[in-house]
Amino acid sequence: MIKKTIIKSVCLVTAIVFMTTGTYAAGNVTLKIDGKQVNDAVKEFNGKQYVLVDSLAGNLDGITVNKSDKSIEINTDTNRISNIINKVGPSVVGIIGKLKESSYDYSEYTDNLIFGTGVIYRSDGYIVTNAHVVKDMDTIVVVLSNSKAYKARLKAIDDSLDLAVIKIDKGGLTPAIFGDMSSVAVGQEVVAIGTPLSFNLRNSATKGIISGMNRSADGEYRFIQSDAAINGGNSGGPLVNMKGQVIGINSVKLVGFGVEGLNFSIPVDTVRYAISHFEKFGKIKRPYLGIVFSESITSQYGLPSSVEGLTVRDIEEGSDAERYDIQVDDKLVAVNGVKVNSIIDYNEEMKKYLPGDKAAFKLLRDNKQLTVNVVFGEK
């Protein structure tokens, strides 16, 4: 198998709904949506039951409450996807450029044009995309949804996260709305938008479901897995939920004989983390100790196992780790009480820290437990 980078229906409620709560007599009727009980959603008034529209909007993707203009929008399943695409489309851009001659993929026998996708996250021209889309581009050109083109500058990039920020000199753009990972779950419908295979296919949309969470996909951080079709050129484009919110940046697909629908997106929480660091520091500022870890074979393959922790395989000479009581063959079981069983677990936990921060490492040595307090350095 080859890893390849790739550049509810609305519930019809018969009760009348209100935008705001009022004074009602308590009713005995409960509201359940997809089997989940919604508390304080039903009110009784003059012997009739009323459902609060805020409760519905918070639990059904097809209902939107806009309190600023006192409007309620209900999208049926027929129009829901097209409405989402229309909403997100202006925030999605095509990215095209020529390969640098120094690039491994450069060929004197082709035009060396490469392309991908990006997402506007600030109205003043800031765009997030994949690192692998732009890192080898000699000149970066961004094409908006209205087909107008602008030269872009690379502002920040991180290969490990496969994320980059580029900037065009254009204001008044429509930034995408980022979603919340806490509400993302397996089985939810999603839409992928991007530039697959040809630049003439900009802002193509495909629909699928979230197939899995916290996937490795041979990367250093966790991914969202979906079966929404993505192809070369989709890299850097958004994975969108049914509220039109970006929950991921499409990054990787697996291809091979008999392999279908294995597509992976960088979760929006990781995207927020990267953007925050890029804007504060101009790069990802990672905590560093100089410890080289190895994980168990069961962790590598995602097998159930009673084996705990990461094994200290090596300690870099002259590194910060040499100052602490950490030895080769120790097992790191937890960081500040958070268990780590894989290198991805460790990398994800390190997103919480900066150089100079302190943490308690719970270690196992010769079947005995010890705690070592460390202060992270910076590489």
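Compute the label zone of Arg365 within region 316-338: residues whose backbone N is under 14 Å from the point 7 Å along Cα-to-Cβ. In region 316-338, the label zone of Arg365 (backbone N under 14 Å from the point 7 Å along Cα→Cβ) covers 321-333. Karplus-derived 3J(HN,Hα) values for region 118-131, using 6.51 cos²θ - 1.76 cosθ + 1.60 with θ = phi - 60°, are x, 10, 6, 10, 9, 5, 8, x, 8, 10, 9, 8, 7, 4 Hz; glycine and proline are entered as x.
Cross-link partners for Lys135 among the lysines, with Cα-Cα distance under 20 Å and sequence neighbours closer than 8 places in the same chain left out: Lys3, Lys4, Lys98, Lys100, Lys151, Lys155, Lys167, Lys253, Lys283, Lys285. Using a probe of 1.4 Å, the accessible surface attributed to Thr64 totals some 70 Å² when neighbouring protein chains are kept in position. Counting only protein heavy atoms and using a 1.4 Å probe, the accessible area of Thr110 comes to about 80 Å². To the nearest 10, the accessible area of Arg80 is 10 Å² with a 1.4 Å probe. Length gained on full extension, Ser276 to Val375, computed as 0.36 nm times the residue gap minus the Cα-Cα distance: 33.4 nm. For region 262-267, the Karplus equation 6.51 cos²θ - 1.76 cosθ + 1.60, evaluated at θ = phi - 60°, returns couplings of 10, 10, 10, 10, 6, x Hz by residue, with Gly and Pro reported as x. For Lys98, Lys351, Lys358, the ranking by accessible surface with the largest value first comes to Lys358, Lys98, Lys351, using a 1.4 Å probe. Ordered by 1.4 Å accessible area with all protein chains kept, Lys70, Lys135, Lys207 run largest first as Lys70, Lys207, Lys135. Each residue of region 215-227 is assigned a 3J(HN,Hα), and the resulting list reads 7, 8, 6, 6, x, 9, 9, 7, 10, 8, 9, 9, 10 Hz, derived from the Karplus form 6.51 cos²θ - 1.76 cosθ + 1.60 (θ = phi - 60°), x at Gly and Pro. Less than 5 angstrom separates the built amide H of Asp330 from those of Val312, all sequence-distant by 5 or more or on a different chain. Carbon and sulfur atoms: what percent of the 1.4 Å accessible area of region 167-230 do they account for? In region 167-230, the share of accessible area belonging to carbon and sulfur is 47 percent. Region 342-358 and region 39-53 have Cα centres spaced 47 Å apart.
The values are calculated or read from the model by the stated rules, or taken from the named source; none is laboratory data. Since we're looking at a predicted model, the values are computed, not measured. In this analysis, Cβ positions are derived from the backbone assuming ideal geometry, glycine residues included, and neighbour counts consider all displayed protein chains. The area values use the complete protein model at the heavy-atom level, side chains included, leaving out ligands, DNA and RNA. Shrake-Rupley method; radii C 1.70, N 1.55, O 1.52, S 1.80 Å.
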